[in-house]
Amino acid sequence: MTDRRRINGPSGGTSTPIYSSYLAKDPKEIPERPTRTRPPNVLRKMFLKTGVTPSASGSAYLELEASKNPNSTAPGLASLSTSGLKLTCTVHGPRPLPKSAPFSPHIILTTHVKYAPFATRKRRGYLRDNSERDLGVHLETALRGVIIGDRWPKSGVEVIITILEGEEDQWWGDDIGRGAIGAAEWGMMSVLSGCITVASAAIADAGIDCVDVVAGGVAAVVRSGNGGKAPAPALVLDPIPSEHKEIVAACIVGYLPGRDEITDLWVKGEIGHDNDASSGSASYEELADNAVQAALGSHRVLVAALKETADVKLGRL
Amino acid sequence: MSTLTHPPPSTNPQSSLSFPRETFAKLSPHPYLLAHLTPNPSKRANSRTATQFRIPHINNGSLTHAEGSAVVRIGDTTVVCGIRGEILLASDVPNYRVTTGAPGSGLEERGVEEEARELDLLVPNIELSTGCSPQFLPGQAPGTLAQSLSTRVYSLLHSSRIIDNEELRIWYEPPDLSGMGKNGEDEIMEDSDDDEEDEEDKPEREIKAFWTLYIDILFISLDGNPFDAAWASILSALHDVRLPHAYWDPDREMVLCSDSVSKSKKLSLRGCPVAVSTVVFRAKEKRVGKGEEKYWVLVDPDTFEEGLCDECVTVVVDCTGGKTKMLGIEKVGGTVVGRGEMRGIVGVAEERWKEMSALING
């Protein structure tokens with residue numbers, strides 16, 4: 001599909017480079033999957049900074065480190081490494097709505113989430129696709145309850161997130177067309193959790209009144225396949241999809257610690273609930289509780305970053 | 001955006017400005033800038049002199065999935081450039097005639113120096129609708145500024161010949177089966193310069209595929225002078241690109257890449273062109289007849305200055321090897337800049353070249 005407003009590539013179409021180690025039949029030649037080195041209840045180190053776009057009302061940048069393969073010390077080539085998460089968020093507003101818009105007694109929140117073309121292993125185009133719209137809707141749900149909208153009638157605020165580097169859905173070594181079953185989009189869960197946290201920081205940077213600071217957290221039930229027997233699935237916080245052979249279910253929450261409220265909850269996968277007497281497998285309630293714990297962890301980093309921002313802003317005054 | 005209430009007019013005739021500076025800048029921008037530039041020594045509203053640039057900061061290799069990447073910050077303008085390589089099979093190119101022969105064996109004479117342009121092997125795109133500035137909100141198709149920036153970058157990439165066509169070709173040398181009976185070994189290798197014997201029945205090397213570089217430039221924050229920042233990010237990312245070693249596998253009939261870092265290669269670039277943009281600020285907003293009016297040439301403008309000027313000059317210089325080469329001059333709008341001013345701008349650009357090329361070449 002040629003986009004007439006952009007410079008298009010070759011009309012014949014190009015393909016992603018395929019590495020010979022993808023197709024190696026000898027298991028010794030395939031590099032090892034990165035493994036999770038953190039304990040199951042420890043989150044990754046998060047870097048959060050506000051004020052990256054001075055011309056916007058508020059902005060923030062979030063970075064989660066990538067998982068490193070402990071066995072290889074040499075820097076890998078681009079397409080064979082696993083990625084971390086890098087997000088930027090800008091907030092524009094509150095701005096007056098255009099005259100043609102109908103009267104609204106509260107502020108109108110619009111969210112846009114966009115993957116950069118170089119964000120994922122497979123190059124994404126410039127047009128928004130369904131997964132980005134999905135993320136935008138979830139983000140709007142998470143933020144809608146937090147902003148005190150009644151203070152700005154007839155106004156709109158735009159929250160724009162650009163994903164510079166996104167989590168992948170599975171380890172590339174699993175992806176080689178061996179299984180016809182594609183992985184469900186587990187990478188999007190971590191991305192959404194990061195989006196909620198960074199949007200919350202940017203909204204606070206813009207000085208928009210909120211009832212509390214919402215933080216995102218994600219937890220998952222994973223099963224590591226080690227040989228014949230199926231081991232009991234384990235609960236982990238802040239999962240990296242490429243570190244686990246199989247993710248059974250994952251849950252992401254947007255949580256308000258001050259009021260102990262959840263603004264957004266999204267669960268994917270197969271999971272039972274407490275009344276099921278199945279031994280060993282986690283229940284839906286446990287998974288949601290763990291996700292809330294993960295959100296509390298992000299909240300701590302968020303509050304520390306916002307304190308710095310407040311110091312800078314008040315120091316300037 | 002806080003609401004400002006200004007104090008009631010003071011009866012004291014000695015009182016100074018009752019507005020803070022930002023309000024003054026918003027209410028009457030042209031006199032504000034003029035008031036800064038008129039006294040001698042003149043300074044701009046952002047306290048730089050007319051020929052002073054903002055300090056650039058460049059960071060490479062931060063993106064995992066890109067073959068090369070660069071993050072460039074010039075003042076408040078922040079740009080991220082990611083370069084991804086993908087493979088274009090020669091058989092997928094419509095009307096392609098198989099090119100054979102060793103490199104440098106006269107391919108250029110056969111008129112293929114425009115290969116990168118004809119086959120669209122370099123695909124730059126500039127994305128402004130990322131919320132980098134209140135005028136560029138997402139959800140809209142690229143507007144005039146984004147499209148014109150992309151086109152300017154595209155034509156500068158090709159006209160500067162910064163990437164040699166040979167860097168993007170993937171050759172295949174079919175094994176010489178004439179000697180099969182003697183040693184029976186079947187080697188599937190890419191080009192090796194050692195056995196360049198001219199036997200008549202030795203099959204020739206052919207180009208099986210090309211590397212296509214998708215150059216995506218995203219603006220995180222925009223505070224004036226997008227072209228300079230975008231071009232600097234492309235240059236820096238091209239220096240950072242590491243292409244894996246690609247070869248044609250005749251058994252599988254596909255192009256495979258080797259994942260060993262030692263076999264991958266960096267692109268070797270020709271020259272180091274640096275772009276420098278300037279605007280011209282005139283003392284009188286509207287032209288009032290002919291007459292000598294004061295004007296200032298401001299380098300590396302920010303958004304405030306760009307909004308007040310309608311004359312813009314961009315020069316692209318390359319001083320590699322000591323001699324200054326002009327790769328492009330663009331002048332849009334206005335009638336002030338003549339040959340003298342142009343010489344001054346090129347002189348300033350040469351200074352900037354030294355600074356930028358030292359930064360880009362590490």
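Scanning region A:77-134 for residues that are in contact with a Phe, Trp or Tyr (Cβ under 6 Å, 6 or more places away or on another chain), farther than 19 Å from residue A:190 by Cα and either without any contact (Cβ under 8 Å) to a residue 12 or more places away in the chain or at the interface with chain B (Cβ under 8 Å from one of its Cβ atoms) (or both) yields a total of 1.
Looking only at region B:202-223, which residues are of a type outside the set (Ser, Thr, Tyr) and open to solvent by 10 Å² or more (accessible area, probe 1.4 Å)? Walk me through how you get there before you give the answer.
From region B:202-223, those of a type outside the set (Ser, Thr, Tyr) are B:202-211, B:213, B:215-220, B:222-223; that's our starting set.
Within region B:202-223, B:202, B:203, B:204, B:205, B:206, B:208, B:220, B:222, B:223 qualify.
Here residue B:315 meets each of (1) open to solvent by 70 Å² or more (accessible area, probe 1.4 Å); (2) closer than 17 Å to residue B:225 by Cβ with one exception, condition (1).
All conditions in (1) closer than 30 Å to residue B:133 by Cα; (2) of a type outside the set (Val, Ile, Thr); (3) in contact (Cβ under 8 Å) with a residue 60 or more places away in the chain hold for residue B:318, with the sole exception of (1). Being part of a helix (DSSP H, G or I) and either touching a Pro at 6+ places or on another chain (Cβ under 6 Å) or modelled with pLDDT of 85 or more (or both) is the requirement here; does residue B:33 meet it? When the stated conditions are applied, residue B:33 passes them.
Flag set for residue A:95, criterion: farther than 25 Å from residue A:165 by Cα, at pLDDT 85 or above, crowded, with 16+ Cβ neighbours inside 10 Å and of a type in the set (Lys, Arg). Scanning region B:210-223 for residues that are more than 21 Å from residue B:157 (Cβ to Cβ) and either more than 9 Å from every other protein chain (Cβ to nearest Cβ) or small (Gly, Ala, Ser) (or both) gives a single hit, B:221. Residues of region B:291-311 that are part of a strand (DSSP E or B) and either touching a residue at least 40 places away in the same chain (Cβ under 8 Å) or under 18 Å from the mean Cα position of the chain (by Cα) (or both): B:295, B:296, B:297, B:298, B:299. Restricting the search to region B:36-65, which residues are open to solvent by less than 50 Å² (accessible area, probe 1.4 Å) and among the charged types (D, E, K, R)? If the condition is that a residue be open to solvent by less than 50 Å² (accessible area, probe 1.4 Å) and among the charged types (D, E, K, R), then B:44, B:48, B:54 are the ones that fit.
Looking only at residues of region B:125-142 that are more than 9 Å from every other protein chain (Cβ to nearest Cβ) and closer than 17 Å to residue A:52 by Cβ, we find that the one that is most open to solvent (accessible area, probe 1.4 Å) is B:136.
Whether any residue in region B:232-242 is more than 9 Å from every other protein chain (Cβ to nearest Cβ) and basic (Lys, Arg) is what I want to check. Looking through region B:232-242, none of the residues is more than 9 Å from every other protein chain (Cβ to nearest Cβ) and basic (Lys, Arg).
The values are calculated or read from the model by the stated rules, or taken from the named source; none is laboratory data. Everything numeric in this text was worked out from a predicted model, so none of it was measured. For neighbour counting, all protein chains shown are included, and Cβ atoms are generated from backbone atoms with ideal geometry for every residue, glycine included. Accessible surface is based on the protein model in full, side chains and every heavy atom, while ligands, DNA and RNA are left aside. Shrake-Rupley method; radii C 1.70, N 1.55, O 1.52, S 1.80 Å.
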